[in-house]
Amino acid sequence: MLNIGCHLSASKGYMHMGEEAKSIGANTFQFFTRNPRGGAAKAIDTEDVKSFLRFAEENGFAKILAHAPYTLNACSDKPETREFAFNIMRDDLMRMEYTPNQLYNFHPGSHVGQGSETGIDLIVKQLNGVLTKDMTTTVLLETMAGKGSEVGRSFEELREIIDGVELDEKMGVCLDTCHVYDAGYDIVNDLDGVIDEFDRVIGLERLKAIHVNDSKNPFGSHKDRHEKIGEGSIGFDAMVRIINNPRLKDIPFFLETPNELDGYAAEIKMLRDAYEQ
Ligand code: FE
Ligand code: FE
Ligand code: ZN
């Protein structure tokens with residue numbers, strides 16, 4: 001069974017996201033833990049969470065994916081920006097425990113000219129400060145396109161971060177198809193080669209979620225602009241090979257394409273129709 005969802009607005013709570021997901025043929029979803037630019041998170045409504053957990057169980061939902069604000073930068077050169085990132089992630093991870101055993105994804109950050117080694121050290125330091133033995137959430141590093149001074153442009157950089165984390169059993173990776181293609185991993189012509197490389201460098205058991213996005217830009221462009229499924233440089237056939245790859249097909253897929261709900265519903269149907277049971 002294809003586990004697929006898309007990015008939804010969290011403003012009306014968990015139960016609303018669950019019902020919205022179901023109404024468009026999804027059985028999971030992604031949401032921002034708070035305003036993407038940061039700021040205070042809404043208080044958790046425990047009744048809402050309880051109804052959602054029951055609903056998710058009854059409807060065979062796969063793991064859901066919380067996404068940290070994309071402005072969070074654990075490897076900024078400004079101490080106050082790093083502290084902000086630290087506090088938000090710690091708070092997010094506490095809130096995630098209301099929905100145990102789910103996934104939390106973040107962009108490793110931008111080293112803003114300090115160099116990737118310094119960037120990686122700062123990210124590791126933050127993770128070692130916020131991860132706890134008792135938490136049930138798996139924290140995912142997202143593969144990045146490598147625009148500007150982004151950290152996480154290669155599998156090696158993600159591996160280095162994971163290697164520095166003491167509680168590395170809490171860590172996984174979210175592969176974004178647009179980002180890796182823009183970063184120079186040829187998932188169109190050599191999908192199996194890219195999966196082999198991921199396995200060799202990081203270990204395939206760390207791959208916990210896949211963002212399915214087409215790309216507005218050509219291979220290796222280091223740009224990161226998402227396109228609708230089948231309308232970009234990756235193309236529909238390559239996407240169908242990705243969701244059907246025996247080594248990927250059981251991982252939950254999340255659309256982050258430029259769409260409203262009806263567009264997402266159409267893409268989910270397209271991919272479900274192309275999925276081989
Ligand atoms: Fe992301
Ligand atoms: Fe993404
Ligand atoms: Zn992106």
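In the elastic network of the chain, a GNM with C-alpha springs shorter than 10 Å, the most mobile of Glu117, Glu166, Glu260 is Glu260. Given their separation in residues at 0.36 nm each and the Cα-Cα distance between them, Met270 and Asp192 gain 25.8 nm when the chain is fully extended. Amide H to amide H, with H built 1.01 Å from N, Asn105 comes under 5 Å of Ala66, His67, Ala68, Leu140, counting only residues 5 or more places away or on other chains.
Between Asn59 and Asp199, what length in nm is gained on full extension when 0.36 nm per residue of separation is reduced by their alpha carbon distance? Before the final figure, lay out each step's value.
Values: separation 140, 0.36 × 140 = 50.40 nm, distance 3.20 nm.
Stretched fully, the Asn59-Asp199 segment lengthens by 47.2 nm.
Bridgeable aspartates and glutamates around Lys170 (alpha carbons under 16 Å apart, same-chain partners fewer than 8 residues away excluded): Asp92, Glu97, Asp134, Glu142, Glu160, Glu205. When DSSP beta bridges are restricted to pairs lying wholly in the chain, around 15% turn out antiparallel. Summing +1 for each Lys or Arg and -1 for each Asp or Glu among the other residues whose beta-carbon sits under 15 angstrom from that of Ile229 gives -4.
For the pairs Lys12/Lys42; Lys22/Lys63; Lys12/Lys228; Lys12/Lys50; Lys22/Lys50; Lys63/Lys216, note any where the Cα-Cα span goes beyond 20 Å. Present the calculation step by step, with values, prior to reporting the outcome.
On the way: Lys12/Lys42 10 Å; Lys22/Lys63 14 Å; Lys12/Lys228 25 Å; Lys12/Lys50 15 Å; Lys22/Lys50 17 Å; Lys63/Lys216 28 Å.
Table pairs above 20 Å Cα-Cα are Lys12/Lys228; Lys63/Lys216.
Spin-label model, Lys125/Leu261: points 7 Å from Cα along the beta carbon direction are separated by 4.5 nm. A Cβ-based charge dipole, computed about the Cα centre of the stretch 4-274 with Lys and Arg at +1 and Asp and Glu at -1, lands at about 520 debye.
Using 0.36 nm per residue, how much length does the chain from Lys22 to Thr132 gain when fully extended, once their Cα-Cα distance is taken away?
Details: separation 110, 0.36 × 110 = 39.60 nm, distance 3.28 nm.
Separation in residues times 0.36 nm, less the Cα-Cα distance, equals 36.3 nm.
Working note: Karplus 6.51/-1.76/1.60 with θ = phi - 60° gives the stretch 260-268 the couplings 8, 3, 5, x, 4, 4, 5, 5, 5 Hz, where Gly and Pro are set to x. Distant-in-sequence amide contacts of Leu255, defined by a placed amide H-H separation under 5 Å and a gap of 5 or more residues or a different chain, comprise Gly5, Cys6, His7, Val212.
A short reminder: the numbers here are calculations on the coordinates, not readings from a lab. Quantities reported herein were computed from a predicted structural model and do not represent experimental measurements. All Cβ positions, glycine included, derive from the backbone under ideal geometry; neighbour counts span all protein chains shown.
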